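Some notes on the structure that comes next.
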Amino acid sequence: MSSVLNLNYMPDGRVINETGHDPAIERVTGFVRHFVGADLGQANDFSSAVDIKDQQLPFHDGTRVKLGQRERTVVFADKFRGVSYVDVVDYLIRLRNAPPFGGKSQLVIDGTSIGRVVSDMMHEQSVDHTAVQMTGGQEWRRSGRYVNASKTLMIENLAVLFASGDLKFAHDLPLRSEIEEDLASFTTQTTAAGNQIITQSRNASGHGDTGIALIVAAFASQYLTPQSIRASKLVGMF
């Protein structure tokens, strides 16, 4: 068997190796999917969108077909301001459906404050999305299209993903320096009761919008992965 696989990239994000109808060849299903995170500001504030490409592809190790390592990469970032909520909704819909995101992307927005307004507008248009409302504590829970998640948990999750190498920046990512500046504006403090709280200082570029968009996307990639796209392995019959 050749070590070079013929991979079939499906519109829904599944990636399947062709077996040539050989029952001895394992059929392994990987994936390529995208998590589009958005932080929404008031008319005079910036709104931002960040995309994490999440993939795990089949490969041949010289003996058998296996799944490679999961790779998550920040591949897109954008920010804008001075537009109406209608324009924001249209932008997010276009972004979610644009190549290469279309058909295999999950849209997750910061549902705090005006995020609820935008979420309601997208819901009225039957746009599939999740609105994350940042809370205290250390837990998260889902209720329909809303997720209540600890801000501390979300920021710690991002820090762990970067520290472990499970999440990286694309080398040519626009706004990378601004994202890093936004993330540096978050600090952890311990209260007298021993509880950890997150504080944020306003930086020169704004209120941390690109950083929040990335925090939301990274949380989704870790905790809200779609069940419709799973890595799997089947032998024979294909």
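When the residues Tyr223, Tyr9 are ordered by accessible surface, computed with a 1.4 Å probe over the protein chains alone, the sequence from largest down reads Tyr9, Tyr223. Would you check the accessible area of Thr19, probe 1.4 Å, heavy atoms only, in square angstrom rounded to 10? Spelled out: Thr19, probe radius 1.4 Å, area about 10 Å². Within the shell of other residues whose beta carbon sits under 9 angstrom from the beta carbon of Val216, the net charge comes to -2, with Lys and Arg scored +1 and Asp and Glu -1.
The values are calculated or read from the model by the stated rules, or taken from the named source; none is laboratory data. Keep in mind the model is a prediction, meaning the values are calculated, not measured. Here the Cβ is made from the backbone with ideal geometry for all residues, glycine too, and neighbour counts use every protein chain on show. With ligands, DNA and RNA removed, areas are computed over all heavy atoms of the protein, side chains included. Shrake-Rupley method; radii C 1.70, N 1.55, O 1.52, S 1.80 Å.
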